[in-house]
1. I'm checking a number: the convex hull volume of the Cα atoms of the chain, normalised per residue, in Å³. What is it?
2. Sorted by average packing, counted as other Cβ atoms within 10 angstrom per residue and highest first, what order do 38-48, 83-93, 118-128, 202-212 take?
3. Express the relative contact order of the chain as a whole percentage, based on alpha carbon pairs under 8 Å and six or more residues apart in sequence.
4. Per DSSP H run of at least 4 residues, take -39500 (n - 2.57); add these up for the chain, divide by its residues and hand me the 222 nm value, nearest 500 deg cm²/dmol.
5. Can you work out the FRET efficiency for the pair Val259 and Asp177, with r the C-beta to C-beta distance and R0 = 35 Å, to the nearest 0.05?
6. Once Rh is set to the Kirkwood radius over Cα pairs, what Stokes-Einstein translational diffusion coefficient, in µm²/s, holds for region 194-243 at a temperature of 10 °C and a viscosity of 1.306 mPa s?
7. Semi-axes of the equivalent ellipsoid of region 101-221: what are they in whole Å, largest first, if each equals the square root of 5 times a C-alpha gyration tensor eigenvalue?
8. Radius of gyration and Dmax for region 73-123's Cα atoms, expressed in Å?
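Please treat every number below as a calculation from the coordinates, not as lab data. Predicted model, so just to flag it, every value in this text is computed and none were measured. Reconstructed Cβ throughout: ideal geometry from the backbone, glycine too, with neighbour counts over all protein chains shown.
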Amino acid sequence: MTAAAVTQRRNDLAIGRRLRTAIPPLVLFVAVVVLWEVSLTALQVQQFLLPRPSVIVRSLVEQWPTLRDGMLFTATEALGGLAVGSLLGLAVAFATARWASARESLIPLATAASSIPIIAFAPITNNWFSSESPFSRMTIVAVMVFFPMMVNTVRGLTSVDASALELMRSYASGDWDVLRKVRIPNALPFVFTGLKIATTLAVIGAVVGEYFGGPRKALGIYITQEAGLFRFPNAWAGIVLACVLGIVLYLAVLAIERVAVPWQASTRGES
């Protein structure tokens, strides 16, 4: 068998594995949507309680220009806060893993920051930056994603195989070489785990933060206004777009992980 045939065979097997992984959740999603539509129609459930999927899709189409602008604005807030919170989490994690004194002082602060509820924090950030400023929601998102990023990175930097450290020391490697060649590669899967958690938290923080104020085009404001005016299909259309935004961000991180940490994918049996 030629090298080209072997490569093609491997590609076919990889595609087959991906299809086997993707088909079950897709089938389940379609089944849930169909059951949702049929059951609400059969039981004659009123739209203000729960609209049918077909009605929500119609609202998505009709309100698309407004919803698109709102989703883009909310995505900007989520991504800005995600970037700031992730970078801060990484910086604190490296300091915490390196110095015991930093660990003793920063871990309690990080734990306290993770305990702040959005409902209590949103009015304060609105007072800092004004409710119209996207920096208000970015601050909320940054606080929410900081803790999972820091905790996962610290775990990756510190849970290194002792034999690997001993081997590096036997070669007279300094702390920088150990960090660059052992600790950081070991921490990358943990970092991406934190990022995947942070992406969903970022969208939640941005949307919920908008419930307490923001420009009219914001997705959270749109949802609250449409629900207040009893236009529930439109409100549900906004909720669906918020879910789609979170899924897209998650899949983007997953794609970057496959490129940056290919050995992690291989350990899970992926390609």
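1. On the way: hull volume 48.1 nm³, N = 271.
Expressed per residue, the convex hull around the Cα atoms of the chain is 178 Å³.
2. On the way: 38-48: 11.3, 83-93: 20.3, 118-128: 15.5, 202-212: 25.4.
Averaged packing, sorted descending, gives the order 202-212, 83-93, 118-128, 38-48.
3. Details: 303 pairs, mean separation 66.4, N = 271.
Dividing the mean separation by the residue count of the chain yields 24 percent.
4. Numbers: 12 runs with 223 residues, N = 271.
Here the helix-only value at 222 nm equals -28000 deg cm²/dmol.
5. Working: r = 25 Å, r/R0 = 0.71.
Efficiency, rounded to the nearest 0.05: 0.90.
6. Numbers: Rh = 11.2 Å.
Roughly 142 µm²/s, to the nearest whole number.
7. On the way: eigenvalues 297, 40, 22 Å².
One finds semi-axes of 39, 14, 11 Å for region 101-221.
8. 13.4, 41
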